[in-house]
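We did not get these values from a lab; they are worked out from the coordinates using the rules stated. Only a predicted model underlies this, so the values are computations on that prediction, with no experimental measurement involved. Cβ placement follows ideal geometry from the backbone for every residue including glycine, while neighbour counts extend to all protein chains displayed.
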Amino acid sequence: MKEEKVKEDRRLFHRIRKELPLKVKFLDYLIEGKSYDLSAKGIGVILDRPLPYKERVELSILSSEARKKIDLEGRVVWYKELDRDCWRIGIEVDNPQFLLFSKLLG
């Protein structure tokens, strides 16, 4: 019988699935997209194009629950093409804002 390996989740913070409109700014580009999932240390986003690995980015998340726009900075830590013109991208946030994330997650 073949033994199956179980992939260990080494994340420090729980990840929550939440779709929110957002904008990503890098270099001179401003791209609209949506969040896929959120944690205290990072955000998974869906965009219509990839972002360069390790690229510094600014995020503006629009949340009716938090009743404000939340601005964060971070860097791209991975990306994956889901379909033509559809990319899932992992962004590690520089300074986690736990209180703001708790409002986002409502």
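Laid out as a table, the results:
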{"quantity": "Normalised alpha carbon radius of gyration of the range 16-97 [divisor 2.2 N^0.38 Å]", "calculated": "0.98"}
{"quantity": "Rel. contact order, % - alpha carbon contacts under 8 angstrom, at least six apart, the range 16-97", "calculated": "29"}
{"quantity": "The range 15-25 - phi-based ³J(HN,Hα) in whole Hz, Karplus 6.51/-1.76/1.60, Gly and Pro as x", "calculated": "9, 10, 6, 7, 9, 9, x, 8, 10, 10, 10"}
{"quantity": "Note, ³J(HN,Hα) from phi for the range 32-37, Karplus 6.51, -1.76, 1.60, rounded to Hz, x at Gly and Pro", "calculated": "8, x, 8, 6, 10, 8"}
{"quantity": "Fewest-first ranking of Val93, Val45, Val77, using other Cβ atoms within 10 Å as the exposure measure", "calculated": "Val77, Val93, Val45"}
{"quantity": "Residues with amide H under 5 Å from that of Glu73, placed H, sequence gap 5 or more", "calculated": "Leu59, Asp94, Asn95"}
{"quantity": "Glu55 long-range amide H proximity, modeled H, under 5 Å", "calculated": "Val76"}
